[in-house]
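Single-structure report; data block below.
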């Protein structure tokens with residue numbers, strides 16, 4: 001199920017690029033950038049972590065990227081240390097981990113905060129445009145509580161490996177809970193629908 005609605009345009013559209021594309025980010029190598037570098041592509045924006053039970057999703061994310069990148073899909077990984085201290089490393093360590101363990105070739109960005117007072121503006125915009133995620137959040141929250149952790153509540157990002165699907169024009173058109181794996185039929189169908197859509 002693709003979450004469609006009337007995504008809020010933060011500041012409207014200028015020459016086919018929304019403000020989401022204009023938010024400054026830094027690549028994992030330290031270069032200033034923005035998602036505008038991928039304007040015209042369908043994006044899957046994922047907050048990632050190296051020491052999480054969901055970390056093996058890197059493998060499926062890379063497979064998804066390899067399968068659909070020639071059709072215009074770009075997966076963007078944003079390391080975050082917000083949940084259980086599961087991304088403690090510096091950017092260089094994260095990049096090496098992703099390369100050595102998962103042969104990641106999709107773009108990785110510098111570590112950001114995805115929740116809280118220091119939430120990165122990109123994640124503020126993503127969660128504002130799509131405040132609710134598809135997936136079994138209730139069971140996942142209960143599991144986190146069972147492990148002595150305090151999960152976030154909507155509209156905040158729930159945990160590592162939450163996924164935001166962004167259309168070619170920069171609108172958030174879907175949001176998927178961490179438990180929705182990259183090869184989940186619901187997510188794949190949503191990606192295929194966006195790739196087929198004429199921008």
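The values are calculated or read from the model by the stated rules, or taken from the named source; none is laboratory data. Everything numeric in this text was worked out from a predicted model, so none of it was measured. Cβ atoms come from the backbone with ideal geometry, glycine included; neighbour counts cover every protein chain shown.
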Quick one: which of 74, 134, 104, 112 is closer than 27 Å to residue 195 by Cα and within 13 Å of the chain's Cα centre (by Cα)? 74
What number of residues within the stretch 76-120 satisfy the criterion of being closer than 14 Å to residue 61 by Cβ and assigned to a loop (DSSP other than H, G, I, E, B)? 5
Evaluate the stretch 38-50: report whether one residue or more is closer than 28 Å to residue 118 by Cα, modelled with pLDDT under 95 and crowded, with 17+ Cβ neighbours inside 10 Å. yes
Answer with yes or no whether residue 135 is over 27 Å from residue 70 (Cα atoms), in contact with a strand residue (DSSP E or B) (Cβ under 9 Å, 6 or more places away or on another chain) and in contact (Cβ under 8 Å) with a residue 24 or more places away in the chain. yes
Can we say residue 123 is farther than 16 Å from residue 54 by Cα, buried (at least 21 other Cβ atoms within 10 Å of the Cβ) and either modelled with pLDDT under 95 or in contact with a strand residue (DSSP E or B) (Cβ under 6 Å, 6 or more places away or on another chain) (or both)? no
Tell me, which residue of the stretch 39-60 that is assigned to a helix (DSSP H, G or I) and in contact with a helix residue (DSSP H, G or I) (Cβ under 8 Å, 6 or more places away or on another chain) is farthest from residue 164 (Cα to Cα)? 59
When the stretch 129-148 is examined, which residues are found to be in contact with a helix residue (DSSP H, G or I) (Cβ under 9 Å, 6 or more places away or on another chain) and either assigned to a strand (DSSP E or B) or on the phi < 0 side of the Ramachandran plot (or both)? 129, 134
If we keep only residues of the stretch 56-82 that are in contact (Cβ under 8 Å) with a residue 40 or more places away in the chain and surrounded by fewer than 21 Cβ atoms within 10 Å (Cβ to Cβ), then the residue farthest from residue 114 (Cα to Cα) is 71
Need pairs with beta-carbon distance below 8 Å; first residue on the phi > 0 side of the Ramachandran plot and surrounded by fewer than 16 Cβ atoms within 10 Å (Cβ to Cβ) and within the stretch 181-199, second at pLDDT 95 or above and part of a helix (DSSP H, G or I); sequence gap 6+ or separate chains. none
